[in-house]
Amino acid sequence: MGRTLTSALTAGQGNQRRGRSGIVSGHVFRIIREQLGHTQDSLAEAFGVSADTVAGWETGRRPLTALAVCQMLVHRHRLMLMGASPALLLALERALEADVLLASALEDQGAPADSPLGSWVMQRDLVEVLAWPLNGVTPEPVRALQPPARPRRGPTATRPELSQDERRRLFGHIRRMAEEAHPGRQFLLRRQALYLAGYDNAADTPDWLAQQRKAERPSDWLAQWLTSRSVAAVAARQGDREQMQHFIDTALDGDDAGERANLSYWAYWIGESAHPELSDDFIAAPGTMTWHGHRLLQHLVGGLAPQHGFFELNVHTLWALLAARPGLLRASSTAGRTLREQMPVLLDGTTASTRARRELEGIRYAIRLAEA
């Protein structure tokens, strides 16, 4: 992923991208500045640049992605010495990647196969930042921040925003990438493009996605499994839970290969894996379940919200994780306490399916064993 990003950034230096191509990284940069208690003027003085330059970075008018990589690293080091939060600095890195992906789609130049969107399997920390200007959901590193030490002057954007024209161009190109991607050689590009297309709030999005699903002709078991999962994920995000229940019933429950693939995908998604993957093949490869599962456990426990479209998948994955890693609850007493406190509400106050209720009972039993 680092190589892909560096190549994209280097290419961007010689081509000052049209319009605002740094809105996500600029917004995160502004948040970091405010958390440090700096004004644009005081930060400009510390960085040895003009206040207009800082303002340009924050609005995307002078995108951070257009800076030389070495210069961006110098700025990042300065922020680190000033006491910037490590989580926010990591979010800034992901925001730079997100801006590269957004810019490639907004420009709509070259063949879809050249898009960096198909270069590696994206993970949650990047996708949350990438989707921020698309769905308005604040990424996790930013959610719990305290208000800035200095009051803001006048109205300011609460999130990175795309204009209606930018959204139209962005999703138009993403759709074209999905439609033109080769179903075999460019399966990852198509899958990730379809996933992002699901954030489009245009009236014809559901019909277009349904048409694309009908056109799917997966060539092997893994492609079929991933296609089913992607369809269910997009549907759940749009409020349709039936597709997700169907996926769990047919592609997971009782299918050992499907269960292993699900756990491996989740572990990679939330960052249990140490390095990025360049294709989806790792999900079904032998030896991919060498991760510990502590981060996955914490993530799943925090995601047991009955109103969430992914609730039943979270329950099933947690149940399968505890079956595969029975010692996790003993090693994670905080997660065990949280689960024990949630169980009465989850079992008595939700409309979970029969399968999910059975799995919740199994999770409660695992908690009792861990506390015995």
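Hey, in the GNM for the chain with a 10 angstrom Cα cutoff, which one of D240, D165, D99 fluctuates hardest? Residue with maximal mean-square fluctuation among D240, D165, D99: D165. Summing charges over all other residues whose Cβ lies under 10 Å from the Cβ of A84, with Lys and Arg as +1 and Asp and Glu as -1, gives +3. Using alpha carbons only, how many degrees (0 to 90, rounded to 10) separate the axis of helix 23-35 from the longest principal axis of the chain? It works out to around 80 degrees.
Using alpha carbons only, the radius of gyration of region 318-372 set against its Kirkwood radius gives Rg/Rh = 0.96.
Going from the fewest other Cβ atoms within 10 Å to the most, the residues R217, R76 appear in the order R217, R76. Put in line by how crowded their Cβ is, counting other Cβ atoms within 10 Å and starting with the fewest, T205, T65 read T205, T65.
With the Cα gyration tensor of region 239-371 in hand, give its eigenvalues times 5 under a square root as the equivalent ellipsoid semi-axes, listed largest first in whole angstrom. Provide the component values of the computation, followed by the final result.
Working: eigenvalues 105, 70, 32 Å².
Working from the Cα gyration tensor, I get semi-axes of 23, 19, 13 Å.
Rg and Dmax over the alpha-carbon atoms of the chain stand at 21.8, 63 Å. Where is the GNM fluctuation largest for the chain (alpha-carbon springs, 10 angstrom cutoff): A323, A203, A193? Judging by the Gaussian network model, the answer is A203.
Counted by Cβ distance under 14 Å from S332, the other residues give a net charge of +3, where Lys and Arg count +1 and Asp and Glu count -1. Counting neighbouring beta carbons within 10 Å and listing from fewest to most, the residues I283, I363 come out as I283, I363.
Every number here is computed from the coordinates shown, using simple stated rules; none is lab data. Quick caveat, the model's predicted, so the values are computed rather than measured. Neighbour counts are summed over all protein chains in view; Cβ atoms, including those assigned to glycine, are modelled from backbone coordinates with ideal geometry.
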